[in-house]
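Read through the structure below, which is laid out as structure tokens, and then see the notes.
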Amino acid sequence: MLEKALQGNKAYWGWIFTLLVLIGIGFGFYVYQLQHGLGITGMNRDVSWGLYIGQLTYMVGIAASAVMLVLPYYLHNHKAFGKLVIFGEFLAVSAVIVCLLFVVVDLGQPQRLMNVILYPTPNSVLFWDMVVLNGYLFLNIVIGWSVLHAVKKGTRPASWVKVLIYVSIPWAVSIHTVTAFLYAGLPGRYFWHDSLLAASFLSGAFAAGPALLLLILMVVQKVSDLKIPKEAIQTMTKIITYAWAINLFMVLLKIFSAFYSQYPSKMAGFQYLFGGAGGEYMQLMPWMWNFVFLGVVSLALLVIPSTRNNPITMTIALVMVFVAGWIDKGLSLVIGGFIPNPFKVHTEYWFTIPEFFITVGVYAVGLLILTILYKVALGVQREVAT
Amino acid sequence: MALNRRTFLKAAGLTTLAGVAGHAAMEFLAPGELEAALSSQVGAFPEALTAQRWAMLIDTEKFTTMQMYQRCIDACHVLHNVPDIPGDQEIKWIWTDSFKHTFPDQQHGLLPERIKHQPFLLLCNHCDNPPCVRVCPTKATFQRDDGIVMMDMHRCIGCRYCMAGCPYGARSFNFWDPRPHINEIDPYYPTRMKGVVEKCTFCEDRLAKGQIPACVEVSEGALIFGDLENQDSEVRRVLRERYSLRRKPSLGTNPHVFYLI
């Protein structure tokens, strides 16, 4: 079936070429990072994780959100999702690969990566993150490919595929739960130390993930003969609305418990992010107020039925959800957890140019894999239709 | 008696089997005791200093000059080839900071002048319940039976999870190749490579040779090092007599560096 990715028009090959150029640039900067060390990034002794681990966190959520199509379709027989489920699963595949690549580019000694398997350490959450992410990747590749093959041959997927599909539903929840446990289980990191961090991650992911998927599908609809059923859009936007409302609600819960109790260490993270720690350290402050603006306006656009159902305002709302989700998980969550540091001192972080291009390169790898998989899926669906 | 090949092989086979089976049976009935018995008989360093639980006391009253702190820091950093990298990507095993930063939850504006302005030595606390060991995905950081939290620089993959896990900021990452930043390389201690995490090891290399930690040695009695499990040790005697503080005790890490106030 892969050969379908080799047939395309000029625009298709132009897009592939653009991605390859971005991958090439990113790879060049990665070689530079390998030679000189992570000193070329903006990370430091206090903020020891940065843009890379932030993207890992956000993309785990995007990967997990495939379940928002799989669950209604396979458990509730929501037929409108029938043709779209495969695109959710393939988005999950590329997102998980992006996650794994972000772990690799963040390592100081990447050639020792296999030590995680050679010396398995069940008490480390990172070990379990490796297990669940690779498992989820495997599940989605096998499921997506088998289902597509069945569609091609005009048969029903084998019964063992059904079993894997049912397994993949709780597994999707597990990847974001374990990723939240990376942070939530650390003593003295008050911004992260939240028993409901996993729940908050999942709610944000179930909004941003379907938002991204719907935006991608709208582009795909423009450049191919895919038709997104109206009912599917309505269901997805409702899912996004509820998940986004829960996510913003959980942000407010955290702010309440920190500020009503006047617990200094719990307030410190928010005081830095939203107040610049008294106005001295304002690197993230504009981003955070943008998050508030985007979050509130997009929620309003999604809650009001007329703006939710209007294609233009809906598209604006989806972009806002995706960007706000990125500020929340991709930027402020990881960095905000490190500031102030254990000495209550503020050391700020901002990514460097090499760090930025390596990040873009990793995302380009994800987009390339996504493009190829979608091309195959669309080719098969067209072949069956004619 | 002439030993033909067949008999020899039989005998050799049986002997091997008995050896393997005996070891397996011993491991099954009393796991670990065989190695323990052997290692207590054969010590690589008979002169090594040993303890059930190493701990350090920092007598803040005895640090009277800035030079005293610097001597401790230099002794450690020179001996362990700790590079001198300026800026926020620095490496440090032992350093000083104010009371306010050392004990952020215990500080208030009305402290005695001495406490308010005096620097405090900071280093790895060698916790009883170390979060860094708990989170490490490769066991590159681990805890010895005598409490020392150790690093295996050859196994560390540089994921820096231990740095996020440590609530004391005791860990440093080699953002760069450290070697060009070492003034004079001490050939008796290994230098590190870029991309691994490092920290104070309570001078386990010196303890193995029967020497006390380098910082303690040059501290003129301001640092006290000893076995916390031994009732008659100096650390226990001093802790009975003097009031001491530990950093962030509420986090449940049970740090083993005590500050005598």
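Projected onto the charge dipole of chain A (+1 at Lys/Arg Cβ, -1 at Asp/Glu Cβ, origin at the Cα centre), which of A:Thr371, A:Asn77, A:Ile16 gives the Cα projection farthest towards the positive end?
The residue sitting farthest along the positive end of the dipole is A:Asn77.
With +1 on each Lys and Arg Cβ and -1 on each Asp and Glu Cβ, how big is the dipole of the protein assembly as shown about its Cα centre, in debye rounded to the nearest 20?
2400 debye
Can you give the extra length, in nm with one decimal, that the chain gains between B:Met150 and B:Asp205 once fully stretched, where that is 0.36 nm per residue apart less the Cα-Cα distance?
Between B:Met150 and B:Asp205, full extension yields an extra 18.7 nm.
Distance between Cα centroids, the range B:97-128 to the range A:24-78: provide it in whole Å.
The two parts, judged by their Cα centres, are 38 Å apart.
Using the Cα centre of the range A:10-143 as the reference point, and only Cβ charges (+1 on K/R, -1 on D/E), how large is the resulting charge dipole? Debye, rounded to the nearest 20.
Computed charge dipole of the range A:10-143: roughly 300 debye.
Determine, from the Cβ-Cβ distance of A:Phe356 and B:Gln231 and an R0 of 56 Å, the FRET efficiency 1/(1 + (r/R0)^6), rounded to the nearest 0.05.
E between A:Phe356 and B:Gln231, to the nearest 0.05, is 0.45.
Quick one: A:Met68, A:Met130, fewest Cβ neighbours within 10 Å first, how do they rank?
Arranged by neighbour count, lowest to highest, A:Met68, A:Met130 become A:Met130, A:Met68.
If R0 is 51 Å, what FRET efficiency do you get for B:Gln70 and A:Met285 from their C-beta distance, rounded to 0.05?
Efficiency at R0 = 51 Å is approximately 0.85.
Relative contact order for chain B: what percent, with Cα pairs under 8 Å and sequence separation of 6 or more?
28 percent
Hey, what angle do you get for helix A:353-385 against the long axis of chain A, alpha-carbon based, 0 to 90 degrees rounded to 10?
For A:353-385 against chain A, the angle is about 20 degrees.
Mind listing the long-range amide H neighbours of B:Gln143? Cut-off is under 5 Å, sequence gap 5 or more, other chains count too, H placed in the peptide plane at 1.01 Å from N.
B:Met150
For A:His76 and A:Asn309 in the same chain, what is the full-extension length gain: residue separation times 0.36 nm, less their Cα-Cα distance, in nm?
In short, 81.6 nm is gained.
Once the piece of chain linking A:Ile316 and A:Phe293 is laid out straight, how much longer is it, given 0.36 nm per residue of separation minus the C-alpha distance between them?
Roughly 7.0 nm would be gained on extension.
7 Å from Cα along Cα→Cβ at both A:Val142 and B:Arg6: what's the point-to-point distance in nm?
Here the modelled spin labels are 5.3 nm apart.
Using modelled amide H (1.01 Å from N, peptide plane; none on Pro or chain starts), what sits under 5 Å from the amide H of A:Arg45, excluding residues fewer than 5 places away?
Amide H to amide H, under 5 Å and 5 or more residues apart or across chains, A:Arg45 pairs with B:Gln89, B:Glu90.
Counting pairs of Cα atoms in chain A, how many percent are more than 35 Å apart?
Roughly 26 percent, rounded to a whole number.
For the range B:152-236, build the charge dipole from Cβ charges (+1 Lys, Arg; -1 Asp, Glu) around the Cα centre, then report which of B:Cys162, B:Ile212, B:Ala222 sits farthest towards its positive end.
After comparing all options, I get B:Cys162.
Compute, for chain A, the length of the dipole vector about the Cα centre, with Cβ point charges of +1 (Lys, Arg) and -1 (Asp, Glu) only. Units Debye, rounded to 20.
The dipole of chain A has a size of about 1020 debye.
Could I have the simple spin-label model distance between A:Val173 and A:Leu34, label points 7 Å from Cα toward Cβ, reported in nm to one decimal?
4.1 nm
Taking every DSSP beta bridge that has both residues in the protein assembly as shown, what percent is antiparallel when rounded to the nearest 5?
Beta bridges within the protein assembly as shown, antiparallel portion: roughly 80 percent.
Cysteines of the protein assembly as shown lacking any other cysteine beta carbon under 4.7 Å?
A:Cys99, B:Cys76, B:Cys127, B:Cys136, B:Cys156, B:Cys159, B:Cys166, B:Cys203
Would any residue of the range B:91-113 have its amide N under 17 Å from a label point 7 Å out along Cα→Cβ of B:Asn183? List them or say none.
The answer is B:91-96.
Using a 10 Å cut-off on Cβ atoms, rank the peptides B:215-223, A:313-321 from the highest mean neighbour count down.
Highest-to-lowest ranking by the protection proxy: A:313-321, B:215-223.
Taking the beta-carbon count within 10 Å as an exposure proxy, list A:Leu107, A:Leu301, A:Leu118 from fewest neighbours to most.
A:Leu118, A:Leu107, A:Leu301
Taking every residue in A:41-51, how many Cβ atoms of other protein chains lie within 10 Å of its Cβ, on average?
Partner-chain Cβ atoms within 10 Å, mean over residues of A:41-51: 5.
Note down the nm distance, to one decimal, between modelled labels 7 Å out along Cα→Cβ at B:Arg114 and at A:Lys4.
Roughly 8.0 nm, to one decimal.
Work out from phi, with θ = phi - 60° and the Karplus expression 6.51 cos²θ - 1.76 cosθ + 1.60, the ³J(HN,Hα) of each residue of the range A:245-257, listed in order in whole Hz, and give x for Gly and Pro.
4, 5, 4, 5, 4, 5, 4, 5, 4, 5, 5, 4, 5
I need the per residue convex hull volume for the range A:21-154, using only the alpha carbons, in cubic angstrom as a whole number.
Output value, Cα hull per residue: 157 Å³.
Hey, what do the phi angles of the range B:164-176 turn into as Karplus ³J(HN,Hα) couplings, whole Hz, using 6.51/-1.76/1.60 and θ = phi - 60°, x for Gly and Pro?
Here the 3J(HN,Hα) series is 5, x, 6, x, 10, x, 8, 10, 10, 10, 7, 5, 10 Hz.
I'd like the mean, over residues of B:161-174, of how many other protein chain beta carbons sit within 10 Å of each residue's own Cβ.
Averaged over the peptide's residues, the number is 6.
Using a 10 Å cut-off on Cβ to Cβ distances, tally the other chain neighbours for every residue of B:241-248 and report the average as a whole number.
1
Let me have the relative contact order for chain A, percent, based on Cα pairs under 8 Å that are six or more residues apart.
Relative contact order for chain A comes out at 31 percent.
Report, in degrees rounded to the nearest 10, the 0 to 90 angle that the Cα long axis of helix A:311-325 makes with the longest principal axis of chain A.
The angle comes out at about 40 degrees.
Can you give me the span-like helices of chain B, meaning DSSP H runs with 30 Å or more of Cα extent along the axis and Kyte-Doolittle mean at or above 0.5?
B:5-29
Take the alpha carbon atoms of the range B:169-184, find their center, do the same for the range B:185-235, and report the distance between the two centers in whole angstrom.
19 Å
Apply the Karplus parameterisation 6.51 cos²θ - 1.76 cosθ + 1.60, with θ equal to phi minus 60°, to every residue of the range A:30-39 and state each ³J(HN,Hα) to the nearest whole Hz, in sequence, with x for glycine and proline.
For the range A:30-39, the Karplus curve yields 5, 4, 4, 5, 4, 6, 9, x, 6, x Hz.
For chain A, set up a Gaussian network in which alpha carbons nearer than 10 Å are linked by springs, and say which option among A:Gly275, A:Gly108, A:Gly154 fluctuates the most.
With Cα springs under 10 Å in chain A, the top fluctuation among A:Gly275, A:Gly108, A:Gly154 is at A:Gly154.
Please list, ordered by chain and number, the residues whose modelled amide H lies under 5 Å from the amide H of B:Thr96; skip anything fewer than 5 residues away on the same chain.
Residues meeting the amide H criterion: B:Leu122.
Specify the angular offset, from 0 to 90 degrees and rounded to the nearest 10, of the alpha carbon long axis of helix A:51-64 from the longest principal axis of the alpha carbons in chain A.
Long axis of A:51-64 versus the principal axis of chain A: about 40 degrees.
Between B:Arg246 and A:Ala199, what FRET efficiency follows from the Cβ-Cβ distance if R0 is 35 Å, with the result rounded to 0.05?
Efficiency, from the Cβ-Cβ distance: 0.55.
Each value in this text was obtained by applying a stated rule to the coordinates, not by laboratory testing. Treat the numbers as computed from the prediction; the structure is a model and nothing was measured. Glycine gets a Cβ as well: all are built from the backbone with ideal geometry, and neighbour counts include every protein chain shown.
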